[in-house]
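The values are calculated or read from the model by the stated rules, or taken from the named source; none is laboratory data. From a predicted model like this one, the values you see are computed outputs, not experimental measurements. Here the Cβ is made from the backbone with ideal geometry for all residues, glycine too, and neighbour counts use every protein chain on show.
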Amino acid sequence: MPVANSSSASPPLLAAQYLRMSTEHQQYSTENQNEAIERYAHAHGMQIVRTYSDFGRSGLNIAGREGLQQLLADAKDGTANCSVVLVYDVSRWGRFQDADESAYYEYVLKSLGIKVHYCAEQFENDGSLPSALLKTIKRTMAGEYSRELSVKVFAGQCRLVEMGFRQGGPAGYGLRRKLIDRDGNDKSVLARGERKSLQTDRVVLIPGPKDEIGIVEEIFERFVNRGENESHIADALNRRGVPSDLGRPWTRGSIHQILTNPKYVGMNIYNRRSFKLKRKRVKNPVEMWITKPGAFEPVIAAELFVKARTIIDARHVHLTDGELLVRLKQLLERFGHLSGFLIDEATDMPSSSAYASRFGGLHRAYELIGWTANRDFAYIEVNRRIRKQHPATTQQILQSLSSIGASVFQEEATGALTINGQYTATLVLARCLQTPAGNPRWHLRFDKGLLPDITIAARLAPDNESILDYYLFPAMDVIWRQLRVARDNGVVLDAYRFDNLNFFLELAKRTPVEKIS
């Protein structure tokens, strides 16, 4: 009901509204949300004083949702200036794949005295049993909708690839994207950054301007028939002032990309990498790729492309430690110095990461050939020692969990711990750095790709040997990728600080049923 207009009427509740749309194509979505929220606020005697919004943002997680992150941050530091947050419905709050994550963000606001209202839902968010059950169902349905949609979209994209249509990404040098209608009739050539406007339209690749095609042919001819490497070809094109497709100078990498991409022989390839539901990006094995030979008009002959790939594949042979060091010494003799960039840019050299992996660091490989860079490698030694300390510390945590009766599984590839089959935890060791004034600082890096439920951030003492203390960050509160902390950081951060892991171990401790009863 409208609020009575009298001097005795209660002041309106101050409210903030949160708006979200998942794609830029939903141009009227936020307007509809705003209109419905304003009606709800008027009917319940509320005044909207702030708006937090995420336009074109997925609701699968909190990453990239600056509006929601800002709302939580303002609530925590007391600057939100509201007692109510109005959201259109549960799905606009988020389509989190874990319904508990959606509940957690609402709980954070509730614990700070800010209640969330879902304006278009058929239940009042009053904490009653029916409300809690319906809200949980709605959260689960919101996440399930995204999962089902992901499967359907992926299947549709694979089908379109097999039909010869292009899926995403710029065309590349020497190629262009052509728009066709549902009947296969030509419509227009898309400029860089342009997108189709109709869902029924499709995109195919076509050869680009003749001068660009000539450059592509020249790249393959120089590489296959003249034996020139990518760096020499890039230098030759740059000396002539030929720009790449981005208008920048050519590099070894941009030449290599042309020599290895099968789209130049008309092949359509999809699903080489996956990033489903905003989870960790992974490289898929070849058998999972979706391919369509002859999808586009080729720019160069297939035989020439095969010869180029044969030359490139022949580089990937296993070299002994001695052979690696011989090549490194030859590179030093050619340039007079060494660096990771220089190694990576040399065509006849393995990657710098290969040297680091084989010899325990680039500086160690440099030492083995008798060369020392004019740099202080002490920090590298510290980092190497910390990397060795990480698995040992993780193993200690695992043993402590097992000693209290917890069930623990450690993932071999990432080292993540799955505890009691219910939640995951990962360890981060933070090296102690010194400011010019001599004050200690720690740089915490959070791995959003692993998405652990709890991140154990162990701060090392100034000697970087022993552990000073621990921070326990729940995934719901990790809104940073990196965090720089001092010895004391105030209640906002130090609320997560512990002198030891006793609290963490208590979370995993199981209590016999008879004790509960």
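For every residue, the table says whether it meets (1) free of Cβ contacts under 8 Å to residues at least 12 places away in the same chain; (2) closer than 18 Å to A475 by Cα.
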site: Q70; (1), (2): no, yes
site: V85; (1), (2): no, no
site: D89; (1), (2): no, no
site: Q97; (1), (2): no, yes
site: E106; (1), (2): no, yes
site: I137; (1), (2): yes, no
- Task: Considering every residue within the range 30-50, establish whether at least one is exposed (fewer than 14 other Cβ atoms within 10 Å of the Cβ) and small (G, A, S).
- Result: yes
- Note on the structure: Scanning the range 220-241 residue by residue, those of a type in the set (V, I, T) and over 34 Å from the mean Cα position of the chain (by Cα) turn out to be V224
- Only one of K280, K292, K276 that is modelled with pLDDT of 70 or more, surrounded by 12 or more Cβ atoms within 10 Å (Cβ to Cβ), out of contact with any Phe, Trp or Tyr (no Cβ under 6 Å at 6 or more places or on another chain) and not hydrophobic (A, V, I, L, M, F, W, C): K292
- Item | Residues that are out of contact with any Asp or Glu (no Cβ under 9 Å at 6 or more places or on another chain), over 18 Å from C82 (Cβ atoms) and surrounded by 17 or more Cβ atoms within 10 Å (Cβ to Cβ), drawn from the range 51-71 | S58, G59, L60
- Message: Please verify whether N125 is buried (at least 18 other Cβ atoms within 10 Å of the Cβ), in the same structural domain as Q17 (by TED's automatic domain parsing), at pLDDT 85 or above and part of a loop (DSSP other than H, G, I, E, B), treating the condition exactly as stated.
- Response: yes
- strands (runs of 3 or more DSSP E) enclosed by the range 393-441 - at least 2 residues per element that are touching a strand residue (DSSP E or B) at 6+ places or on another chain (Cβ under 8 Å) and farther than 27 Å from E101 by Cβ: 432-434
- Query: Within the range 479-508, how many residues are of a type in the set (F, W, Y) and either exposed (fewer than 11 other Cβ atoms within 10 Å of the Cβ) or closer than 24 Å to Q434 by Cα (or both)?
  - Reply: 3
- In the set A365, A373, which member is at pLDDT below 85, over 21 Å from F498 (Cα atoms) and touching a helix residue (DSSP H, G or I) at 6+ places or on another chain (Cβ under 7 Å)? A373
- Note on the structure: Across the range 296-320, the tally of residues that are outside any loop (DSSP other than H, G, I, E, B) and at pLDDT below 85 stands at 5
- Query: So T347 clears everything in (1) closer than 30 Å to S254 by Cα; (2) modelled with pLDDT under 70; (3) in a helix (DSSP H, G or I); (4) among the β-branched types (V, I, T) except one condition, right? Which one?
  - Reply: (3)
- Scanning the range 442-468 for residues that are of a type in the set (S, T, N, Q) and part of a loop (DSSP other than H, G, I, E, B), which turns out nearest to V485 (Cα to Cα)? N464
- Sole residue being in the same structural domain as D494 (by TED's automatic domain parsing) and either under 21 Å from R497 (Cα atoms) or of a type in the set (S, T, Y) (or both), chosen from N464, N420: N464
- Task: Take the range 195-236 and flag every residue that is free of Cβ contacts under 8 Å to residues at least 24 places away in the same chain, basic (K, R) and buried (at least 17 other Cβ atoms within 10 Å of the Cβ).
- Result: R222
- Item | Test result for N500, at pLDDT 85 or above, assigned to a loop (DSSP other than H, G, I, E, B) and either more than 25 Å from the chain's Cα centre (by Cα) or aliphatic (A, V, I, L, M) (or both) | yes
